[in-house]
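J.: Shown below is the structure under consideration.
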Amino acid sequence: MTTERRKSPDTTRRSEASRRAILTAAFELTGEVGYAKLSIEGIAARAGVGKQTIYRWWPSKGAVLFDAFLALTEGAEGAGEQEAALPDTGDLEADLKTVLRATVDELNDPRYDEPMRALNVEILQDPALAAAYAERLDGPMKELKKTRLRNAQQAGELPEGLDLDLAIEMVWGPLRTRWLERRGPLTHAYADRIVETALNGLRPRPA
């Protein structure tokens with residue numbers, strides 16, 4: 001006589017499915033109702049989970065939204081296995097224009113505008129979330145930017161003693177400020193002017 005063995009439920013797979021559903025729900029609801037009206041209860045209802053499931057993994061709706069944003073930046077499944085890097089064709093100006101143009105397209109996407117603005121506001125009010133943002137997203141992205149600028153230094157496109165942190169602020173700061181404060185339209189032409197103006201001040205001066 002044989003006995004049929006019952007398979008135990010795959011709790012890891014079930015937990016991952018619930019996590020993805022929660023992150024998707026948080027991102028979608030922020031875009032639909034705004035961050036002020038976003039609630040843990042609403043996220044739980046959209047995701048089809050109990051709110052205690054959310055509180056078991058995240059301390060606040062801001063933390064949920066941050067992880068949702070991280071999931072978005074990581075892209076498709078498996079993309080995280082590839083080494084991240086900024087484009088490096090040997091032409092710093094062209095590469096920076098490519099990156100800033102892509103950033104303009106992202107910031108102009110109505111699906112992402114409200115969630116990204118909400119995340120920025122929440123970071124200002126929540127020190128723990130600000131620390132997580134610096135460690136998990138802003139810090140790694142800054143290192144990618146520094147790597148590209150260091151390569152430009154080695155190629156002689158930028159001076160050796162350049163303050164890379166300041167250079168990053170000069171290139172990326174104006175775009176972020178115009179978007180965050182709604183100072184004007186975000187266009188590829190504007191992104192190109194930022195790069196050209198910044199590099200005019202950063203490039204080595206002829207002897």
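The values are calculated or read from the model by the stated rules, or taken from the named source; none is laboratory data. Note that the coordinates shown come from a computational prediction; the quantities given were computed from them, not determined experimentally. Cβ atoms come from the backbone with ideal geometry, glycine included; neighbour counts cover every protein chain shown.
J.: Can ASP67 be described as among the acidic types (Asp, Glu) and modelled with pLDDT of 90 or more? Quick ask: steps written out before the conclusion?
T.: Numbers: among the acidic types (Asp, Glu): yes; modelled with pLDDT of 90 or more: yes.
So ASP67 passes the test.
J.: Can I ask one more? Mind listing whichever residues of the range 151-187 are basic (Lys, Arg) and surrounded by 12 or more Cβ atoms within 10 Å (Cβ to Cβ)?
T.: Just the residues of the range 151-187 that are basic (Lys, Arg), to begin with: 176, 178, 182-183.
Result: ARG176, ARG178.
J.: Would you check if there is a residue in the range 56-74 being in a loop (DSSP other than H, G, I, E, B), of a type in the set (Ser, Thr, Tyr) and farther than 25 Å from ALA198 by Cβ? Let's see the steps before the verdict.
T.: Here is the first cut: in the range 56-74, the residues in a loop (DSSP other than H, G, I, E, B) are 58-60.
Retained after the next criterion (residues that are of a type in the set (Ser, Thr, Tyr)): 60.
Subsequent filtering for residues that are farther than 25 Å from ALA198 by Cβ retains 60.
Yes, the range 56-74 has at least one match.
J.: Taking the stated definitions as given, is VAL195 out of contact with any Gly (no Cβ under 7 Å at 6 or more places or on another chain), under 20 Å from THR89 (Cα atoms) and not assigned by TED's automatic domain parsing to the domain that holds LEU29?
T.: Working: out of contact with any Gly (no Cβ under 7 Å at 6 or more places or on another chain): yes; under 20 Å from THR89 (Cα atoms): yes; not assigned by TED's automatic domain parsing to the domain that holds LEU29: yes.
The answer is yes for VAL195.
Results for (1) in the same structural domain as ARG178 (by TED's automatic domain parsing); (2) over 13 Å from the mean Cα position of the chain (by Cα), shown as yes or no for each residue.
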| site | (1), (2) |
| --- | --- |
| ILE40 | no, yes |
| GLY50 | no, yes |
| THR53 | no, yes |
| PHE66 | no, no |
| GLU93 | yes, yes |
| ALA102 | yes, no |
| GLU114 | yes, yes |
| GLY139 | yes, no |
| LYS142 | yes, no |
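J.: Still on this model: Can you give me the number of residues within the range 77-126 that are modelled with pLDDT of 90 or more, outside any helix (DSSP H, G or I) and among the hydrophobic types (A, V, I, L, M, F, W, C)?
T.: 1
J.: Which of (1) at pLDDT 95 or above; (2) surrounded by 16 or more Cβ atoms within 10 Å (Cβ to Cβ); (3) of a type outside the set (Lys, Arg) does ALA45 not meet, given it meets every other one?
T.: (2)
J.: Could you identify the single residue in ASP138, ASP163, ASP105, ASP192 that is free of Cβ contacts under 8 Å to residues at least 60 places away in the same chain, farther than 29 Å from GLU28 by Cα and of a type outside the set (Phe, Trp, Tyr)? Lay out the reasoning, then the answer.
T.: Details: ASP138 fails: farther than 29 Å from GLU28 by Cα; ASP105 fails: farther than 29 Å from GLU28 by Cα; ASP192 fails: free of Cβ contacts under 8 Å to residues at least 60 places away in the same chain.
Among ASP138, ASP163, ASP105, ASP192, only ASP163 is free of Cβ contacts under 8 Å to residues at least 60 places away in the same chain, farther than 29 Å from GLU28 by Cα and of a type outside the set (Phe, Trp, Tyr).
J.: Looking for whichever is farther than 20 Å from LEU129 by Cα and touching a helix residue (DSSP H, G or I) at 6+ places or on another chain (Cβ under 6 Å) here; the options are GLU32, GLU41. Which one fits? Talk me through it step by step, then tell me what you get.
T.: Details: GLU32 fails: touching a helix residue (DSSP H, G or I) at 6+ places or on another chain (Cβ under 6 Å).
Exactly one of GLU32, GLU41 is farther than 20 Å from LEU129 by Cα and touching a helix residue (DSSP H, G or I) at 6+ places or on another chain (Cβ under 6 Å), namely GLU41.
J.: For residues that are modelled with pLDDT under 95 and closer than 22 Å to ASP138 by Cβ, tally how many sit in the range 184-207.
T.: Count: 1.
J.: A further question on this structure: Being farther than 13 Å from ALA191 by Cα and in contact with a helix residue (DSSP H, G or I) (Cβ under 7 Å, 6 or more places away or on another chain) is the filter; apply it to the range 97-112 and report the residue that is surrounded by the fewest Cβ atoms within 10 Å (Cβ to Cβ).
T.: Checked the range 97-112; the qualifying residue surrounded by the fewest Cβ atoms within 10 Å (Cβ to Cβ) is ARG111.
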